[in-house]
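Below is one structure, written out as structure tokens, with a few remarks after it.
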């Protein structure tokens, strides 16, 4: 990193002029051009002449001040609107613009220094918080179709299954546990809905072979709704409920 050495007290002729105006506590819109010019020339005489490029800028401004001083001694010039022109107007505009950028640079420097003092804490979120998932709001998930409507269809199909049981034969024989593979049923239902694109919830339950399969299928439908793979709709109350695959859409 190179070391910057500033030889001149002032960064340029406008900087020197602004310093003289602030030192004399005069109104920047009403510069006493005679006094300021004399003080400006005095500072130039005291400056080093090693860098002629820098000195030339100050000499140009000195010539500008002398020109303004001469113009102020002459009769006032009138513009197209009939208003008197102030020979200092252009210089005042440049000084105001320079002053604005100068103080903006101070502000940016202060922000840079403040930014160097800022330290950021690394993320230390507990594992429980990071893995937390808000509970699923099934009412909002299924929209206009209510959970009670799904439950009514489910209970209706279950009742039909029970009505098909022979009250006599069902009382004897070997009772075996009716096992249903949840994962396999998930794949079956998901593939079925994907192939159909749109199917009836009631017809899907009626295709199951046992009471346990109906229960598992119902649970699978709720899970597919939760993960957002299907969409259900019911156009009017008590109408059939339809399932649509989002992946096939």
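The values are calculated or read from the model by the stated rules, or taken from the named source; none is laboratory data. Note that the structure is predicted; figures quoted are calculated from it, not measured. Here Cβ is always computed from backbone atoms with ideal geometry, including for glycine, and neighbour counts include all displayed protein chains.
Structural remarks
- Some residue of region 228-240 being within 44 Å of the chain's Cα centre (by Cα), at pLDDT 80 or above and loosely packed, with under 11 Cβ neighbours inside 10 Å: yes
- Helices (runs of 4 or more DSSP H) fully within region 97-211 counting 1 or more residues that are at pLDDT 75 or above and under 30 Å from residue 239 (Cβ atoms): 147-163, 182-196, 201-206
- Any hit, region 58-67, residues being farther than 16 Å from residue 16 by Cβ, assigned by TED's automatic domain parsing to the domain that holds residue 46 and without any contact (Cβ under 8 Å) to a residue 60 or more places away in the chain: yes
- Some residue of region 73-86 being surrounded by 11 or more Cβ atoms within 10 Å (Cβ to Cβ) and assigned to a helix (DSSP H, G or I): no
- Scan of region 215-227 for residues that are surrounded by 18 or more Cβ atoms within 10 Å (Cβ to Cβ) and closer than 13 Å to residue 193 by Cβ, ordered by number: 217, 220, 221, 224, 225
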